[in-house]
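Participant: Before we start, here is the structure in question, set down as structure tokens.
The values are calculated or read from the model by the stated rules, or taken from the named source; none is laboratory data. From a predicted model like this one, the values you see are computed outputs, not experimental measurements. Neighbour counts are summed over all protein chains in view; Cβ atoms, including those assigned to glycine, are modelled from backbone coordinates with ideal geometry.
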Amino acid sequence: MPPTAPSLDLALDVVSLTAAVCDIESVSGDEGPLADAVEAALAALPHLEVIRDGNTVVARTALGRSERVVIAGHLDTVPLTRHTPNLPTRREGDQLVGRGTVDMKGGVAVMLKLAAALPAPNRDVTFCFYDCEEVDSERNGLRRVAENRPDLLVADFAVLMEPTDGTVEGGCKGTLRAEVRTHGVASHSARPWMGHNAIHDAGEILARLVSYAARVVDVEGLTYREALQAVLITGGTAANVIPDACTVTVNYRYAPDRSEDEAVAHVREVFSGFELEITDNAGGARPGLDRPAARAFVDALGVPVQAKEGWTDVARFAGLGVPAVNFGPGNPLLAHMDDERAPVAQYVAAEEAMLRWLQG
């Protein structure tokens, strides 16, 4: 007999449901079984319209409310750690341990509980469970929906239930990746005067990074700390050859007061005189906390608000003109770790906070 397809019981408490969602393995690209389970669970709720796009599942109310919000979360995780098994999940005291307990199946479980518990929320709600967030942007399910069915993401406000340790994180920084190159002349390492060492020339690139003073920027009342760092360096062909080429890959995390073009111009200025190629650039998102819908969310939750120092898919919502914040259970510093874990109380608190907002 074929194995039984996994299923999700939305009557479970949010902690047990988080464990059940985590235990359906869904490494990026293999979200099918979890997407099937989510779709089946939501299709059983008569107050929701359910739409499937690949391994992304969208479910929404149609109550004619004056305001619509999107609540989004990704279904995928980074790969499991084989030498330290982190599935199935397990309880250790007040912690739930296992892949996805932080990033971000607790948020997915909260979304499922909200979908089941609120047939008539005070706002129309679109729930978006999407695939391939942890891999290249071209595969991102939220990006695909934004391109193919932008009508599904039309809203006054969005909440991305990424782990934030129970706080609200406004906006996000942009991220730019560039390759800074030097060129030399190959020769035998016993006769270096016959050539020119490209790796040695990269010392000036590194010196500029060491002396670089990163901005600390206030944007709409939130403080963002920029960063410009070398993250990769490659060069050389053999241990007895003077290298004729070297590439230093740098990553610039920039505050959302800068556009993508302004970020490029800044990096080119920092490395003036060097050959430079921009290989990736994703703009950030301003907090948007001055919008009425965002203000109502923050007021209803009553939790601290701070800047998002990384990049998240709130930037995709910003690109659609939808203000968005990050809010979810789990400490993001523990995401992707072998012993990924979160306090079970955070799942409960996140569910209660979202219910206050959507029922108040």
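Participant: When the range 261-298 is examined, which residues are found to be of a type in the set (Asp, Glu) and modelled with pLDDT under 95? Don't jump to the end; show me each part of the working.
Facilitator: Of the residues in the range 261-298, the ones of a type in the set (Asp, Glu) are 261-262, 269, 275, 277, 280, 290.
Asp280, Asp290 - these are the residues of the range 261-298 that are of a type in the set (Asp, Glu) and modelled with pLDDT under 95.
Participant: Please identify the pairs in which a residue from the range 220-244 that is in the same structural domain as Pro256 (by TED's automatic domain parsing) has its Cβ atom under 9 Å from the Cβ atom of a residue that is outside any loop (DSSP other than H, G, I, E, B) and acidic (Asp, Glu), counting only partners at least 6 apart or on another chain.
Facilitator: Leu222/Glu169; Tyr224/Asp218; Leu232/Glu179
Participant: If a residue must be out of contact with any helix residue (DSSP H, G or I) (no Cβ under 9 Å at 6 or more places or on another chain) and in a helix (DSSP H, G or I), how many such residues does the range 145-163 contain? Quick ask: steps written out before the conclusion?
Facilitator: Let us first name the residues in the range 145-163 that are out of contact with any helix residue (DSSP H, G or I) (no Cβ under 9 Å at 6 or more places or on another chain), namely 147-151, 154.
Pick out the ones that are also in a helix (DSSP H, G or I) and you get 147-148, 150-151.
The total comes to 4.
Participant: If you don't mind, another one. Return the residues of the range 96-116 that are touching a helix residue (DSSP H, G or I) at 6+ places or on another chain (Cβ under 7 Å) and surrounded by fewer than 24 Cβ atoms within 10 Å (Cβ to Cβ); say none if nothing qualifies.
Facilitator: If the condition is that a residue be touching a helix residue (DSSP H, G or I) at 6+ places or on another chain (Cβ under 7 Å) and surrounded by fewer than 24 Cβ atoms within 10 Å (Cβ to Cβ), then Lys113, Leu114 are the ones that fit.
Participant: Here is a further query. Given the criterion under 26 Å from Arg286 (Cα atoms), β-branched (Val, Ile, Thr), surrounded by 15 or more Cβ atoms within 10 Å (Cβ to Cβ) and in contact with a strand residue (DSSP E or B) (Cβ under 9 Å, 6 or more places away or on another chain), identify the matching residue among Val180, Val216, Val168.
Facilitator: Details: Val180 fails: under 26 Å from Arg286 (Cα atoms); Val216 fails: surrounded by 15 or more Cβ atoms within 10 Å (Cβ to Cβ).
Going through Val180, Val216, Val168 in turn, just one is under 26 Å from Arg286 (Cα atoms), β-branched (Val, Ile, Thr), surrounded by 15 or more Cβ atoms within 10 Å (Cβ to Cβ) and in contact with a strand residue (DSSP E or B) (Cβ under 9 Å, 6 or more places away or on another chain): Val168.
Participant: Filtering the range 292-344 down to residues that are closer than 19 Å to Cys132 by Cα and touching an Asp or Glu at 6+ places or on another chain (Cβ under 8 Å), which residue is surrounded by the fewest Cβ atoms within 10 Å (Cβ to Cβ)?
Facilitator: Only one residue tops the list, namely His336.
Participant: Separate question: Restricting attention to the range 76-96, report how many residues are under 19 Å from Glu31 (Cβ atoms) and free of Cβ contacts under 8 Å to residues at least 60 places away in the same chain.
Facilitator: Residues flagged as under 19 Å from Glu31 (Cβ atoms) and free of Cβ contacts under 8 Å to residues at least 60 places away in the same chain within the range 76-96 amount to 4.
Participant: I would also like to ask the following. With (1) surrounded by 15 or more Cβ atoms within 10 Å (Cβ to Cβ); (2) under 20 Å from the mean Cα position of the chain (by Cα); (3) under 25 Å from Pro329 (Cβ atoms) as the list, and Val50 as the residue in question, which single condition is left unmet?
Facilitator: Failed condition: (2).
Participant: Looking only at the range 29-47, which residues are surrounded by 20 or more Cβ atoms within 10 Å (Cβ to Cβ) and in a loop (DSSP other than H, G, I, E, B)?
Facilitator: If the condition is that a residue be surrounded by 20 or more Cβ atoms within 10 Å (Cβ to Cβ) and in a loop (DSSP other than H, G, I, E, B), then Glu31 is the only one that fits.
Participant: Does Ala207 satisfy the criteria of being surrounded by fewer than 14 Cβ atoms within 10 Å (Cβ to Cβ), part of a loop (DSSP other than H, G, I, E, B) and among the hydrophobic types (A, V, I, L, M, F, W, C)?
Facilitator: No.
Participant: Out of Thr4, Thr101, I need the residue that is among the hydroxyl-bearing types (Ser, Thr, Tyr), part of a loop (DSSP other than H, G, I, E, B) and either over 28 Å from Arg341 (Cβ atoms) or more than 24 Å from the chain's Cα centre (by Cα) (or both). Which one?
Facilitator: Working: Thr101 fails: either over 28 Å from Arg341 (Cβ atoms) or more than 24 Å from the chain's Cα centre (by Cα) (or both).
Being among the hydroxyl-bearing types (Ser, Thr, Tyr), part of a loop (DSSP other than H, G, I, E, B) and either over 28 Å from Arg341 (Cβ atoms) or more than 24 Å from the chain's Cα centre (by Cα) (or both) holds for just one of Thr4, Thr101, which is Thr4.
Participant: Right, another one. Does Arg286 meet the test of being charged (D, E, K, R) and crowded, with 16+ Cβ neighbours inside 10 Å? Step through it out loud before you land on a result.
Facilitator: On the way: charged (D, E, K, R): yes; crowded, with 16+ Cβ neighbours inside 10 Å: yes.
Criteria met by Arg286.
Participant: Hey, another quick one. For Met161, only one of the following conditions fails: (1) surrounded by fewer than 24 Cβ atoms within 10 Å (Cβ to Cβ); (2) in contact (Cβ under 8 Å) with a residue 24 or more places away in the chain. What is its number?
Facilitator: Evaluating Met161 over (1) surrounded by fewer than 24 Cβ atoms within 10 Å (Cβ to Cβ); (2) in contact (Cβ under 8 Å) with a residue 24 or more places away in the chain leaves (1) as the failure.
Participant: Right, next: Within the range 111-141, which residues are part of a helix (DSSP H, G or I) and closer than 27 Å to Ser16 by Cβ? Quick ask: steps written out before the conclusion?
Facilitator: First pass over the range 111-141, keeping only residues part of a helix (DSSP H, G or I): 111-117, 137-139, 141.
Of everything in the range 111-141, those that are part of a helix (DSSP H, G or I) and closer than 27 Å to Ser16 by Cβ turn out to be Met111, Leu112, Lys113, Leu114, Ala115, Ala116, Ala117, Gly141.
Participant: Among Thr223, Thr175, which is surrounded by 16 or more Cβ atoms within 10 Å (Cβ to Cβ) and not in a helix (DSSP H, G or I)? I'd like the intermediate steps shown before the answer.
Facilitator: On the way: Thr223 fails: surrounded by 16 or more Cβ atoms within 10 Å (Cβ to Cβ).
Within the list Thr223, Thr175, the selection yields Thr175.
Participant: Right, next: Considering the range 65-88 alone, what residues qualify as being in a loop (DSSP other than H, G, I, E, B) and buried (at least 21 other Cβ atoms within 10 Å of the Cβ)?
Facilitator: Scanning the range 65-88 gives Leu75, Asp76, Asn86.
Participant: Kindly indicate which of Val50, Val58, Val27 is within 18 Å of Val145 (Cβ to Cβ) and in contact (Cβ under 8 Å) with a residue 40 or more places away in the chain. Give the steps one after another, and end with the answer.
Facilitator: Working: Val50 fails: in contact (Cβ under 8 Å) with a residue 40 or more places away in the chain; Val27 fails: within 18 Å of Val145 (Cβ to Cβ).
Checking each option against the conditions leaves just Val58.
Participant: Okay, next question. Test each condition in (1) within 17 Å of Thr101 (Cα to Cα); (2) outside the structural domain of Val325 (by TED's automatic domain parsing) for Pro6 and report the one that comes out false.
Facilitator: Failed condition: (1).
Participant: Then there's this: Which residue pairs have Cβ atoms under 8 Å apart, sit 6 or more places apart or on different chains, and have a first residue in the range 129-153 that is on the phi > 0 side of the Ramachandran plot and a second that is surrounded by 22 or more Cβ atoms within 10 Å (Cβ to Cβ)?
Facilitator: Cys132/Glu31; Cys132/Asn55; Cys132/His74; Cys132/Asp76; Cys132/Asn140; Cys132/Gly141
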